[in-house]
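Here the structure is laid out as structure tokens; the discussion comes afterwards.
The values are calculated or read from the model by the stated rules, or taken from the named source; none is laboratory data. Note that the structure is a prediction, hence the values are computed from the model and not measured. Every residue, glycine as well, gets a Cβ built from its backbone with ideal geometry; the counts of neighbours run over all protein chains shown. What goes into the accessible areas is simple: the full protein's heavy atoms, side chains included, and nothing from ligands, DNA or RNA. Shrake-Rupley method; radii C 1.70, N 1.55, O 1.52, S 1.80 Å.
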Amino acid sequence: MSRPFDVVAIEEKWQARWLDEGTYDVDNDDPRERYYALTMYPYPSGTAHQGHVRNYTFGDLVVRYQTMLGKAVLSPYGFDSFGLPAENAAIKAGAHPRPFTEARMHELKTSVRRLGAVYDWRREVYSHDPEFIKWSQTIFLAFLKAGLAYRADAQVNWCPGCMTVLANEQVLPDGTCERSGDLVVRRQLEQWFFRITAYAEELLKGTDALEWPERVKTMQKNWIGRSEGVEFDLPFADDPTKALRVFTTRPDTGFGVTYAVVAPEHPLLDALTTEAQRAAVEEIVTRATAISEIERTSSSSEGIGLEKRGAFTGGYVINPFTSQAVPVYVADYVLGNYATGAVMAVPGEDDRDFDFATVHGLDVVHTVQPPEGFGDGAYTGTGPHINSGFLDGLDIPDAKTAAIKFLLEHARGNPKVNYRLRDWLVSRQRFWGCPIPVVYCETHGIVPVPEADLPVLAPDDVVINSSGQSPLATHEGFLHTVCPIDGGPARRETDTMDTFTDSSWYFLRFADPFTPNVPFDPAQAAKWMPVDQYIGGIEHAILHLLYARFYLKALDDVGMGAGLPREPFQRLFSQGMIRLDGSKMSKSKGNLIAPEHYYQTVGADGLRLFHLFVGPPADDMDWTDQTDDMIDGCAHFLDRFYRLWHHYDVKFHDGLDDDDALVRQATHRTIARVTGDLNRWSYNTAVAALMELLNTVSRVARSDGGVAAETLEEALDAMALMLAPMAPHITAELWEERHPDRSSVHQSSWPVADPAMLVETEVTMVVQVNGKLKTRLLVAPSITEDEATSLALADANIKEALGGATPSRVVARPPRLVNIVL
């Protein structure tokens, strides 16, 4: 499309100036009100695609808008540069991951700068930087010293495609790896963990005060999974000195326990299993060890029914409520690492228990009265207790209280709170990550690497091959070292840390990369923390956000975060994703639309404006055949603004008339509207408001009556200021043309609407007959119901519509609506 200005030249000019002049550099001692705006730092996968453009456009608008509000805005950038994609690419190429990673970093940085997004580049962070590695390792050692990092033998998720352990959060609901898509299996390995469960209650309660989307807070609460109940004993029927300890949130249903279920990992499974049942039990155990916890806890597993997911052990335990023996089963859907690893089964009140009981021919006893005509199945509603002895007739809360009292006295019961959250498994059997800074000494066991010897860096002379095994495990120069305590032979840890450890504190390094000899000075970081506005995708709702929240609390407790808030991100915005052919746009799927073509035609400004205008920022959008037409339309809007700025076809008159008043009122109402829209992330309606204003001003300025010069200049300046965070290049160019002696448009103050201009002297009142629009009338905002009714009935259009008939009633809602009912 033909443009009235040189898009590429103007945009390159301003991008260079902002970078060279450090326009958006900000110091920690800046006297202005501080504001920390942060878009989640990216994985360097290559040049930007439209998902990046959308994300960074939103973030850049926040930075520029808040700056125009007079604030010192911290806007840093960096790279989450460790990780599997780079290592997998290096395996394919038979090369070291570093050159691949740094080439992709350069590509993405170039794309982002070409978009016009502005940052304080002095603060750039990338996680494979030796300095950043040093401080990540320092934090690990502080956690180790405080008991928040530990090594333990555990059943873990193993991805055969990535050749590494995965945290539970990295396994999809279908039991596959979120990265490779391979089916995850279970292995018994000794691994490193962070004790995030120590903060479960604080993490849970802290979500309420956060200004985050409700769905994100709900996802975190569900993942933490607080359950309040009671633990108690089910004695072995053949040996009362032994007991199966169970946990329940519904002790009031105890009279309905007709069987118990233990996890395949339960330590008492062998004692409960009879020889006759051993083969069936071992089949369940074998199967459970081969699948992930996510798959085990799903309602269906690989199409396998409940008859194949559980087996009778041959053992029995005593239900303390009935004193009757009930059978014990083993089933894969019970997890050994949750609560006690055993559950009491109440098929009358639980759907899965009912299905299992039906398949295995077990008794079903309802303990809460179902409604009349309920039929078969588990009843999960409320009502009085039945078939429950001393609990009969009680409602559920009162029955719970009485049941807990009984268990405390007769079954070694004690109230208990359990959490679904598990400790964070941070070991990874990969090369391209931050090495774990410990060594193993035969005499002294696990020995931390002294801080003076940090960072521990992976060697460069490694062979990356297709086996997927980390070369650290076989690199003699890295593997063999000396014990820091006695100088004897020692072996380095060859696991690296989960890359989420890097993203759990990078925002603190952004806040203070300047203080030497520390990861950050808490006093300096506290000037910016918490992040005022954090921007990133919904896919990070559990993993990254939960881990970062844990880090802030842990850093404070180990003495590295004194004075810092215990929550990292006060406000969170999760943008919608872009779909192409029904799938999320991503490099791994190969369905990318790069921005470079648009930079050369509509320019970064036109592309940015499209992403702001296309729909609500939180909604997903589809990239279709019509998208280019919409992008061209946004560029055309900027062309129209450019021509009006240069007075193309404008007619002027002296003095002020009613049309000038109309333009001035439209200008100030648009200022108020756009300001409100930006504050509530309604970017699409803000752009629409500016388009409406341009139409109004253009119509008046090019009419026969024309416009006063001062009226037009006020409107154009206001539009330039409001457009500046959205289309920063062309507005900077035009502003400099007209105001060469004034500050840049981006250093100018955000416009403020004149309250007098917002007062409505007339509003449009809609008049309907039987709900159908018949006319519109201009009325005073203060019109009364009687006045509105009389005015409507006197209108010629309404008289014609009524045809002489008398209305049965008139509903008046002044000043907006009158509905006449025949």
Revision key, fill the gap. Here the FRET efficiency for E596 versus Y642, based on Cβ atoms and R0 = 35 Å and rounded to 0.05, is 0.90
Practice item. Give, as ranges by residue number, the residues of segment 724-758 whose backbone N falls under 17 Å from the point 7 Å along Cα→Cβ of E692. Key: 753-754, 757-758
Study note, to complete from the structure: Given pairs K134/K527; K205/K416; K71/K221; K242/K400; K308/K400; K221/K553 and cut-off 22 Å on Cα-Cα distance, the over-length ones are K134/K527; K71/K221; K242/K400; K308/K400
Practice item. Mind running the shape call on segment 107-228? Use the C-alpha gyration tensor, a ≥ b ≥ c as the square roots of the eigenvalues: rounded below 1.5 for a/c, prolate if a/b tops b/c, oblate otherwise. Key: rounded
**Study point:** Taking the chain and dividing mean pair separation by its residue count, relative contact order in percent (alpha carbons under 8 Å, at least six apart)
**Key:** 14
Review point. Could you give the distance between the Cα centres of segment 634-663 and segment 432-458, to the whole Å?
Key: 69
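Can you tell me the dipole magnitude for segment 503-570 around its Cα centre, using point charges on the Cβ only (Lys, Arg +1; Asp, Glu -1), in Debye to the nearest 20?
20
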Study note, to complete from the structure: Residue separation between E12 and T784 times 0.36 nm, minus their alpha-carbon distance, gives in nm 272.1 nm
Review point. How high is the FRET efficiency from L479 to S2, r the C-beta distance, R0 56 Å, rounded to 0.05?
Key: 0.30
Revision key, fill the gap. Farthest towards the positive end of the dipole of the chain, among V125, V811, A146 and with Cβ unit charges of +1 on Lys and Arg and -1 on Asp and Glu, lies the Cα of A146
Exercise for review: Place the peptides 430-439, 257-266 in order of packing, highest mean first, counting for every residue the other Cβ atoms within 10 Å and averaging per peptide.
Suggested key: 430-439, 257-266
Exercise for review: For segment 625-690, count the residues as N, evaluate 2.2 N^0.38 Å, and divide the Cα radius of gyration by that value, please.
Suggested key: 1.41
Check your understanding: Whole number please: convex hull volume per residue of the Cα set in segment 652-810, in Å³?
Key -> 162
Point to revise | Dipole axis of segment 367-525 (+1 Lys, Arg; -1 Asp, Glu on Cβ), positive-most option in L408, Q469, W424 | key: L408
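With +1 assigned to the C-beta of every Lys and Arg and -1 to the C-beta of every Asp and Glu, and no other charges, what is the dipole magnitude of the chain about the Cα centre in debye, to the nearest 20?
Dipole of the chain, to the nearest 20 debye: 280 debye.
If the chain were replaced by its equivalent ellipsoid, with semi-axes equal to the square roots of 5 times the Cα gyration tensor eigenvalues, what would those be, largest first, whole Å?
58, 42, 23
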Review point. Ranked highest first by the average count of other Cβ atoms within 10 Å around their residues, in what order do 368-374, 8-14, 335-341 fall?
Key: 335-341, 8-14, 368-374
Review point. So if we plug the beta-carbon distance of V417 and V518 into 1/(1 + (r/R0)^6) with R0 = 41 Å, what FRET efficiency do we get, rounded to 0.05?
Key: 0.65
**Study point:** Candidate lysines for bridging to K799, where Cα separation is under 28 Å - those fewer than 8 sequence places away on the same chain excluded
**Key:** K772, K774
Exercise for review: Report, as a whole number in µm² per second, the diffusion coefficient that Stokes-Einstein gives for segment 307-427 at 25 °C and 0.890 mPa s using the Kirkwood radius over alpha carbon pairs.
Suggested key: 149
Review point. Which lysines, on any chain, are close to K13 with Cα under 19 Å apart, when same-chain ones fewer than 8 places away are left out?
Key: K109
Point to revise | Dipole axis of the chain (+1 Lys, Arg; -1 Asp, Glu on Cβ), positive-most option in G51, N222, V456 | key: N222
Exercise for review: Measure nothing but the geometry: give the 0 to 90° angle between the long axis through the Cα atoms of 658-679 and the longest principal axis through the Cα atoms of the chain, rounded to 10°.
Suggested key: 10
Revision key, fill the gap. The rounded separation in angstrom of the Cα centers of segment 767-822 and segment 91-154 is 67
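Using 0.36 nm per residue of separation minus the Cα-Cα distance, give me the extension gain between D453 and Q324 in nm, one decimal.
Working it through step by step, the gained length comes to 40.0 nm.
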**Study point:** R195-F374 pseudo-label distance in nm [points 7 Å out on the Cα-to-Cβ vector]
**Key:** 4.4
Check your understanding: Where the accessible area of the chain is counted over protein heavy atoms with a 1.4 Å probe, how much of it, in %, is carbon and sulfur?
Key -> 50
Check your understanding: If you place +1 on the Cβ of every Lys and Arg and -1 on the Cβ of every Asp and Glu, how big does the dipole about the Cα centre of segment 670-822 come out, in debye to the nearest 20?
Key -> 880
Point to revise | Protection proxy ranking, peptides 60-71, 449-460, average beta carbon neighbours within 10 Å, highest first | key: 60-71, 449-460
Check your understanding: Label points 7 Å out from Cα along the Cβ direction at R352 and R187: separation in nm?
Key -> 2.7
Check your understanding: Going by accessible area, probe 1.4 Å, with all protein chains left in place, what is the ranking of M765, M40, largest first?
Key -> M40, M765
Revision key, fill the gap. Sorted by accessible surface (1.4 Å probe, heavy atoms of the protein chains only), largest first, W645, W223 come out as W223, W645
Point to revise | Theoretical gain in end-to-end length, E409 to A661 [0.36 nm per residue, Cα-Cα removed] | key: 82.4 nm
Review point. Using alpha-carbon positions, what is the distance between the centroids of segment 230-248 and segment 1-71, in Å?
Key: 63
Practice item. Take T274, project a point 7 Å from its Cα along the Cβ direction, then tell me which residues of segment 228-249 have their backbone nitrogen under 16 Å from it. Key: 236-239
Review point. Along the Cα-to-Cβ line of R566, 7 Å from the Cα, sits a label point; which residues in segment 206-224 have backbone N less than 16 Å from it?
Key: 206-210
